[in-house]
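To start, the structure under review is shown below, and the notes come after it.
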Amino acid sequence: MRSISKTITLTTIVSVGLILALGQIAIDIAITRWLNEQFDTAMESRARALVTLTKFDGTEVELDFADEFMPEFEAPVEPQYFELFHGDGTVLERSHSFDGFLDSRSRDQPDKAVLTEHRLPEFRFQDQHDEVVFTDLRLPDGRDGRRVAIKFIAQIENEDEELEDLLEAQIPLEERPRAIIRFSRERESLDQTRQRFHLLIIGITLIVLLAVVISVPRLTRAGLRPLIRIKDEIGKITPQSMDRRITDQGQPIEIEPIAKQFNLMLNEIEKAFIRERQFSSDVAHELRTPVSEIRSLAEVGLRWPDERDIRTYFSDIHESARHLDRLIENLLYLCRSDEGNIEIIVGDVNLGKLLDDIISSLSAECERKAIRIDPPANKPPVIAADSQWLKLMLHNLLFNAISHSPDGANVGIEIDVDGAFCRLEIHNPMSIPLTAEDMENVFQRFWRKDTARETGRHAGIGLSLVKSYADLMGIGIDAWVLDERFHITLSRIRISNGATTAP
Amino acid sequence: MKILVVEDSKKLQKSLRAGLRRLGYTVDVADDGEEGTAFALHGEYDVIVLDLMLPRKSGLDVLSDIRKSNLNTEILILSARDQTRDRIAGLQQGADDYLVKPFSFDELHARIQALVRRRFKQKSPIITLGPITIDTSLHIAYHGAECFDFTPNEMSILEYLAFNPGRVMSPETLLNQINDADSYSSRNAIEVHVSSLRKKLRAENIDGLIKTKRGFGYFIE
């Protein structure tokens with residue numbers, strides 16, 4: 001299972017590691033370059049100091065060098081080196097630090113072997129500008145070193161100032177002698193400094209990575225703490241405590257809207273849960289009553305078959321069984337309607353004949369309560385509808401009208417044709433008056449004005465079933481009370497093509 | 001024993017009344033909550049079988065009114081409501097038992113018997129009165145291996161006296177045990193039943209079990 005904490009930690013470590021690695025490379029390059037530049041600049045300065053000591057007095061080039069002022073060139077330990085060449089490559093002067101590494105002849109004479117071994121760079125410049133070339137090399141004493149070579153024009157200098165001015169004036173720059181100074185020194189100090197920097201950067205990187213590894217999970221956990229609290233609170237919400245809500249006040253601004261939305265969702269879930277529980281409870285109750293009647297009658301009848309009115313037990317059991325059958329059928333229809341598992345097959349339906357059939361099937365109920373059903377004054381049209389479901393709807397409506405009417409009342413049926421549609425209205429006087437609040441609930445499942453079945457055996461699902469099927473068939477349904485009569489109307493019933501009245 | 005059934009289902013009324021009468025109980029039936037309350041407050045019932053969903057007045061309201069009037073009649077709720085909260089509400093409002101529909105008639109009978117025993121602080125269904133034994137669960141009386149041939153009314157009177165040993169029961173109280181709302185018997189009927197009981201007991205050489213306290217009523221020691 002994915003973990004936000006682990007994902008954040010891993011992502012952060014990888015990201016920080018990558019940034020640090022790239023930063024390390026960049027810093028390393030920059031520092032190395034800077035160190036090299038600093039090192040080379042220092043070397044060049046040193047070499048140029050030697051250049052300033054190189055003079056041309058009009059006849060020859062000479063180096064005005066004194067060892068005592070630059071002892072590093074003759075130090076026995078870790079010395080530095082310089083070589084001064086004529087422009088043609090012959091040695092003019094070498095530092096004493098070469099002593100021991102060259103034979104005596106080479107010490108004072110131009111040494112081709114040295115030149116071959118330490119080849120002069122290929123200077124490109126041909127004009128009066130100096131040219132500087134840096135190279136890495138191994139020093140005569142075996143250490144790694146770096147060398148700077150500067151090709152330059154020796155400056156005119158003579159003790160006779162007049163002659164010096166004359167020479168300056170007479171010898172053009174391009175005819176003055178060229179010289180090359182090569183200054184070499186060890187570069188191990190540079191390498192060590194670079195290595196120290198490397199180690200420092202690597203150390204810093206590792207410390208930062210370690211800090212990230214340690215701190216990020218903790219920070220992540222701290223950041224996720226409100227979510228964990230919410231998770232704990234949600235865990236306490238059970239079917240027995242559906243009224244519990246999670247804390248949405250005082251949460252971080254990122255969490256607060258989530259908590260509020262979750263609470264809104266919980267409200268809806270609780271409502272649905274209560275509806276579902278109520279539905280189950282109502283269904284169980286409605287089923288239990290006829291079952292208990294059947295069972296009780298059967299048990300008593302079987303135990304005492306000589307009971308005086310034993311024959312009525314059979315009719316009672318039959319009636320309860322029919323009620324149970326009707327109830328189960330309606331519940332199944334309701335469930336199928338909820339699931340959308342209803343096939344609507346629209347065909348021509350003779351509304352007049354359908355009403356006659358239904359009224360005929362309810363004759364026993366009408367007779368028992370002395371109810372009269374007044375047929376519609378207008379001739380009912382042939383309509384386009386699903387006959388099975390329409391019959392179920394009208395049967396429920398008329399059965400309801402009979403049940404909720406006082407004895408001896410009349411139930412009215414009105415039909416109005418309006419263009420391609422017709423409207424069917426059923427109305428009846430009410431044995432128990434309905435209030436405006438009641439009218440809001442008449443289509444609710446298991447809603448009953450008389451919770452104790454004063455108006456007969458009703459589960460309170462008939463009208464909700466009718467509404468459900470009306471919605472499925474695109475038929476409008478409305479209920480209201482007028483002049484102490486309950487009216488219910490089915491509207492937008494489509495009339496069959498080519499026929500407006502029944503044959 | 002006298003039982004009131006408060007139930008709006010006519011079919012259940014019919015079967016319960018018939019079955020319980022055949023078991024020797026005197027049974028009254030009320031159709032709705034108002035009627036049930038009126039019956040309960042004036043009928044001196046030993047057990048009331050009470051539905052919860054009743055016309056005019058809910059079963060819980062009936063229960064509440066009965067308990068407010070300090071009636072200690074045993075009340076058994078017989079309801080299709082099976083939720084725990086319904087049972088708790090019923091029992092907390094003063095019901096002594098709760099049975100969910102659909103139910104077994106035998107179970108209902110057994111529970112009624114248990115309530116009757118509780119009412120008279122009798123743990124066992126068997127009551128021994130000297131040489132005779134009364135099985136209140138089967139509503140029969142024995143003398144040795146011989147079973148008495150008492151009528152239902154005689155058995156009701158004997159059981160009631162046996163459940164209340166040492167207490168003098170007036171003829172009116174005993175009359176209430178055998179009269180339901182639809183029937184009427186005079187004081188003399190009790191004298192006739194008691195006389196018949198004594199005669200049948202004497203036939204088994206049992207004399208003086210049911211005593212008379214002149215001007216007050218009958219009792220068993």
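The values are calculated or read from the model by the stated rules, or taken from the named source; none is laboratory data. In this text the structure is predicted, and so the values were computed from the model without any measurement. Note: ideal-geometry Cβ built from the backbone for every residue, glycine included; neighbour counts use all protein chains shown. Surface areas here come from the heavy atoms of the whole protein model, side chains and all, with no ligands, DNA or RNA. Shrake-Rupley method; radii C 1.70, N 1.55, O 1.52, S 1.80 Å.
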Notebook entry, point to check: So A:Ala436 fits all but one of (1) aliphatic (A, V, I, L, M); (2) open to solvent by less than 50 Å² (accessible area, probe 1.4 Å); (3) out of contact with any Leu (no Cβ under 8 Å at 6 or more places or on another chain); what number is the exception?
Noted result: (2)
Notebook entry, point to check: Which of the residues spanning the range B:1-31 are open to solvent by less than 20 Å² (accessible area, probe 1.4 Å), part of a loop (DSSP other than H, G, I, E, B) and within 9 Å of another protein chain (Cβ to nearest Cβ)?
Noted result: B:Ser9
Next item on the list: Answer with yes or no whether A:Phe85 is in a strand (DSSP E or B), at pLDDT below 90 and not small (Gly, Ala, Ser).
Entry: yes
Margin query: I need the full set of residues from the range B:197-221 which are over 17 Å from B:Leu129 (Cβ atoms) and either open to solvent by less than 40 Å² (accessible area, probe 1.4 Å) or hydrophobic (A, V, I, L, M, F, W, C) (or both), in order please.
Written below: B:Phe216, B:Gly217
Item checked: Number of the exception - B:Ser183 against (1) farther than 16 Å from B:Tyr45 by Cα; (2) outside any helix (DSSP H, G or I) -> (1)
Next item on the list: Quick one: which residue in B:Ser185, B:Ser196 is over 30 Å from B:Asp96 (Cα atoms), of a type in the set (Gly, Ala, Ser), at pLDDT 90 or above and touching a helix residue (DSSP H, G or I) at 6+ places or on another chain (Cβ under 7 Å)?
Entry: B:Ser196
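Can you tell me which residues in the range B:142-167 are among the charged types (D, E, K, R) and either at pLDDT 85 or above or on the phi > 0 side of the Ramachandran plot (or both)? Even if it seems obvious, please write down each step before you answer.
Keep residues of the range B:142-167 that are among the charged types (D, E, K, R), which gives B:146, B:149, B:154, B:159, B:167.
Passing the criteria: B:Asp149, B:Glu154, B:Glu159, B:Arg167.
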Margin query: Contact list please: Cβ distance under 9 Å, first residue in the range A:425-443 and closer than 20 Å to A:Ser468 by Cβ, second residue among the acidic types (Asp, Glu), pairs at least six apart or on different chains.
Written below: A:Glu425/A:Glu414; A:Glu425/A:Asp416; A:Ile426/A:Glu414
Check: Can you name the residue in the range A:298-311 that is in a helix (DSSP H, G or I) and over 15 Å from B:Leu78 (Cβ atoms) and is also farthest from the other protein chains (Cβ to nearest Cβ) among such residues?
Finding: A:Arg311
Checklist line | helices (runs of 4 or more DSSP H) within the range B:36-144 that include 2 or more residues in contact (Cβ under 8 Å) with a residue 60 or more places away in the chain and closer than 24 Å to A:Arg295 by Cβ | finding: B:105-119
Notebook entry, point to check: Within the range A:39-48, is there a residue that is modelled with pLDDT under 85, surrounded by fewer than 17 Cβ atoms within 10 Å (Cβ to Cβ) and more than 60 Å from the chain's Cα centre (by Cα)?
Noted result: no
Check: Restricting attention to the range A:215-249, which residues are farther than 12 Å from A:Leu266 by Cβ, among the polar types (S, T, N, Q), in a helix (DSSP H, G or I) and over 21 Å from the mean Cα position of the chain (by Cα)?
Finding: A:Ser215, A:Gln240
Item checked: Only listed residue being within 21 Å of A:Arg46 (Cα to Cα) and touching a residue at least 40 places away in the same chain (Cβ under 8 Å), chosen from A:Val148, A:Val216 -> A:Val148
Item checked: A:Ser320 being more than 30 Å from A:Asp386 (Cα to Cα), open to solvent by less than 50 Å² (accessible area, probe 1.4 Å), at the interface with chain B (Cβ under 9 Å from one of its Cβ atoms) and assigned to a helix (DSSP H, G or I) -> no
Margin query: Quick check on this structure: which one of B:Ile140, B:Ile132 is out of contact with any Asp or Glu (no Cβ under 6 Å at 6 or more places or on another chain), of a type in the set (Val, Ile, Thr) and open to solvent by less than 20 Å² (accessible area, probe 1.4 Å)?
Written below: B:Ile132
Checklist line | The listed residue being among the small types (Gly, Ala, Ser), assigned to a helix (DSSP H, G or I) and more than 14 Å from every other protein chain (Cβ to nearest Cβ), out of A:Ser281, A:Ser315, A:Ser337, A:Ser292 | finding: A:Ser337
Check: Given the conditions (1) buried (at least 18 other Cβ atoms within 10 Å of the Cβ); (2) among the aliphatic types (A, V, I, L, M); (3) out of contact with any Lys or Arg (no Cβ under 7 Å at 6 or more places or on another chain); (4) closer than 30 Å to A:Glu286 by Cα, and given that A:Val349 satisfies all but one, which numbered condition is not satisfied?
Finding: (4)
Next item on the list: Could you list, in sequence order, all residues of the range A:398-426 that are open to solvent by less than 10 Å² (accessible area, probe 1.4 Å) and more than 17 Å from A:Ala364 (Cβ to Cβ)?
Entry: A:Gly412, A:Ile413, A:Ile415, A:Cys422, A:Leu424, A:Ile426
Check: For the subset of the range A:256-308 comprising residues that are hydroxyl-bearing (Ser, Thr, Tyr) and over 21 Å from B:Ser104 (Cβ atoms), which member is farthest from the chain's Cα centre (by Cα)?
Finding: A:Ser281
Next item on the list: Give A:Gly17, A:Gly87 a once-over and let me know the one that is in contact with a helix residue (DSSP H, G or I) (Cβ under 7 Å, 6 or more places away or on another chain) and open to solvent by less than 40 Å² (accessible area, probe 1.4 Å).
Entry: A:Gly17
Note to self: So, A:Arg295, is that one open to solvent by 90 Å² or more (accessible area, probe 1.4 Å) and not acidic (Asp, Glu) or not?
What the structure shows: yes
Margin query: Step by step: first the residues of the range B:78-137, then only those that are more than 14 Å from chain A (Cβ to nearest Cβ) and among the small types (Gly, Ala, Ser), then the one that is farthest from B:Asp8 (Cα to Cα). Which residue is that?
Written below: B:Gly130
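Can you say whether A:Pro429 is modelled with pLDDT of 90 or more and surrounded by 17 or more Cβ atoms within 10 Å (Cβ to Cβ), as far as the supplied structure shows? Give the steps one after another, and end with the answer.
Working: modelled with pLDDT of 90 or more: yes; surrounded by 17 or more Cβ atoms within 10 Å (Cβ to Cβ): yes.
Answer is yes for this residue.
Collect the residues in the range A:347-366 that are free of Cβ contacts under 8 Å to residues at least 60 places away in the same chain and not in a helix (DSSP H, G or I), keeping them in residue-number order.
Keep residues of the range A:347-366 that are free of Cβ contacts under 8 Å to residues at least 60 places away in the same chain, which gives A:347, A:354-366.
If the condition is that a residue be free of Cβ contacts under 8 Å to residues at least 60 places away in the same chain and not in a helix (DSSP H, G or I), then A:Gly347, A:Leu362 are the ones that fit.
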